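This report concerns only the one structure given below.
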Amino acid sequence: MALLLCLGLSLLASVQSSAVKNCHHGCHCEVENFGLFNSFSLTRVDCRELGPDTSMPIPIPLDTAHLDLSSNAMGPLSDTMLAGPGYTTLVSLDLSSNLITKVTPNALSKLRYLETLDLSHNNLESLSPSCFSGLPLVEIDLSHNSFQEFDMDVFATKVNGEPVSVDLSHNKLVSVSTTLHGRVLHIQSLNLSSNRLLRVPRLAGLSLRYLNLDGNPIAGIKEGAFAQLKDLVYLSISGLHELQEIEPYSFRGLQSLQVLDLSNNPQLKALSPAVFTGLDSLQELILSGSGVASLPSNMLTHLPSVKSITLGQSIHCWRTQKQGQFHRQLGQVQHNEVLNCNVEGIVS
Ligand SMILES: *[C@@H]1O[C@H](CO)[C@@H](O)[C@H](O)[C@H]1NC(C)=O
């Protein structure tokens, strides 16, 4: 029985690479077979740094799932550059470090199965509305670009070829589900780190689980800035040299958030406890390298799930049971728990 199980597992896990026909010279193509009797395969194509005078689209094998086109100085993305045979089946596409300044409205429209898109390290200032329309995108990396604003209209659906604008003002939540037709419900990870954003972009209603806003020149975060991001699990707002103020109730609505990274924000000196209102699931708060030097003693009432808080250079605080209390069964658990730090005088 055990032998049979072992045999079965090794068959399932076997990954084999074999040579690929029709691999463009300069690219490296690999077929990975997997599954029982190698019944599944996917093709991975690496066309990084092909050098000058490479004409696009680069021919790729018909069943390519993963394509790396990074570092090819592609420049502005036109409607035809990603429209060759083989591109329709792509699940992931790496376009990082390509001097991309523009993406035409239909440049990505053939990529009907694309889930992961890396556009990091380019020169994008904006994207046209609906440019991700119809793509089942789960993860998009826009870090290291030049966005001063980010408009979630990029995810809006086109109707008769025309973008439908997304109006989320006045809480018209009905229009999210109707005009976006559930498209945005795919997007789980958005990386906007190292751009020129001056404020937190409005992303209300997206199904994000991961959001990174590190290294942007955001000076203040306003009340309700993250409203309606109820699925967000991980939020990183680190290395913002201009960030001075986070208003109370800024994080309200982030009911699923587990990790909040506010590290390396040196100008952030004080945080009122009301800043943390609504973070009912938060387990880890990272304030290391920020200007925050102490924590209010009622921190645990505002962060009922928190397990660990770090601040300063190497200060670590964690939730502990007060010693000498034996009344857990009387429902006093909350009151028996305190924040304990490896340095004295942090909790005041
Ligand atoms: C977001 O981008 C930054 C900078 O490029 C990178 O360090 C980080 O790993 C990215 N996060 C994800 C989830 O891709």
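Mind giving me the nanometre distance, one decimal, between the label points for residue 101 and residue 22, set 7 Å out from Cα along Cα→Cβ?
Each label point is offset 7 Å from its Cα along the Cβ direction, giving 3.5 nm.
Using the Kirkwood radius built from alpha carbon pairs, what does the Stokes-Einstein equation give as D for segment 230-348 at 10 °C and 1.306 mPa s, in µm² per second?
Reported coefficient: 108 µm²/s.
Which of the GluC sites (Glu not before Pro) across segment 24-78 are loop residues per DSSP, with 14 or fewer other Cβ within 10 Å?
Sites meeting the loop and neighbour criteria: 49.
Can you give the Rg/Rh ratio of segment 230-284, where Rg is from the C-alpha atoms and Rh is the Kirkwood radius?
0.96
Can you give the % of DSSP beta bridges in segment 230-348 that are antiparallel, to the nearest 5?
Percent antiparallel among DSSP bridges in segment 230-348 is about 45.
Counting Lys and Arg as +1 and Asp and Glu as -1, each charge on the Cβ, what is the dipole of segment 230-348 about the Cα centre in debye, to the nearest 20?
In debye, rounded to 20, segment 230-348 gives about 360.
Return P(r) of segment 20-104 (all Cα-Cα pairs; 5 Å bins starting at 0; whole %; ordered from short to long distances).
In order of increasing distance, the bins hold 3, 14, 25, 26, 16, 8, 4, 3, 1, 0 percent.
Each value in this text was obtained by applying a stated rule to the coordinates, not by laboratory testing. Computed from a prediction, not measured in an experiment: that's the story for all the values here. A quick note on method: Cβ atoms are made from the backbone with ideal geometry, for glycine too, and the neighbour counts reach across all protein chains shown.
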